[in-house]
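Only one structure is covered here, and it is reproduced in the block below.
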Amino acid sequence: MKSYKVYNDSAYLKKEDFPKPEVLIISEVRDEEVTAPGKKPKHKVIVYFDRRDKGLVLNQANGDALLELTGYEDPEKWIGTRVEVYCDPNVQYAGKKVGGIRLREPARAVVPAEEELVGEPF
């Protein structure tokens with residue numbers, strides 16, 4: 001059985017949604033009002049991906065990763081960007097390792113070189 005945390009009905013993506021890294025394409029970014037438990041609502045950038053209904057509430061670390069990956073500070077210019085979304089178990093919050101979602105450039109696929117032709121050319 002999966003972790004009980006998988007069954008948390010969050011409106012946004014969470015680390016448990018990524019037991020394995022996934023390469024996704026940013027399909028949309030929105031400015032949305034987000035309310036964390038026990039806090040006042042704040043406007044945040046929400047990043048949406050292909051093949052996912054929920055969005056990712058953008059934090060500073062992931063915003064910096066997208067800036068480095070795309071060269072743009074404007075989130076609307078991130079649309080169409082391929083990113084690898086993964087759970088980093090070393091993410092800390094309030095001095096405690098809690099894990100969290102991180103973004104990085106996807107690994108480039110290695111294309112094998114064509115094998116050398118053996119024998120007479122056609």
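Scanning region 28-68 for residues that are crowded, with 16+ Cβ neighbours inside 10 Å, over 12 Å from the mean Cα position of the chain (by Cα) and not aliphatic (A, V, I, L, M) yields one hit, LYS44. Within region 69-85, the residues that satisfy the criterion of being open to solvent by less than 50 Å² (accessible area, probe 1.4 Å) and hydroxyl-bearing (Ser, Thr, Tyr) are THR70, THR81. Residue pairs whose Cβ atoms lie under 8 Å apart, sitting 6 or more positions apart in sequence or on different chains, and linking a residue in region 64-77 that is free of Cβ contacts under 8 Å to residues at least 12 places away in the same chain to a partner that is part of a loop (DSSP other than H, G, I, E, B), are LEU67/GLU73; THR70/THR81. The set of residues in region 69-86 that are hydroxyl-bearing (Ser, Thr, Tyr) and over 13 Å from the mean Cα position of the chain (by Cα) comprises THR70, TYR72.
Looking at this structure, is PRO89 in contact with a Gly (Cβ under 9 Å, 6 or more places away or on another chain), closer than 17 Å to LEU24 by Cβ and without any contact (Cβ under 8 Å) to a residue 60 or more places away in the chain? No, not satisfied. Inside region 1-30, can you point out the residues that are in a strand (DSSP E or B) and either modelled with pLDDT under 95 or of a type in the set (A, V, I, L, M) (or both)? VAL23, LEU24, ILE25, ILE26, VAL29 - these are the residues of region 1-30 that are in a strand (DSSP E or B) and either modelled with pLDDT under 95 or of a type in the set (A, V, I, L, M) (or both). Please pick out the residue among ARG104, ARG51 that is in contact (Cβ under 8 Å) with a residue 24 or more places away in the chain and on the phi > 0 side of the Ramachandran plot. Just a single option satisfies the conditions, and that option is ARG51.
The values are calculated or read from the model by the stated rules, or taken from the named source; none is laboratory data. This one's a predicted model, so the numbers in the text were calculated from it and none came from an experiment. Neighbour counts run over all protein chains shown; Cβ positions are idealised from the backbone, glycine included. What goes into the accessible areas is simple: the full protein's heavy atoms, side chains included, and nothing from ligands, DNA or RNA. Shrake-Rupley method; radii C 1.70, N 1.55, O 1.52, S 1.80 Å.
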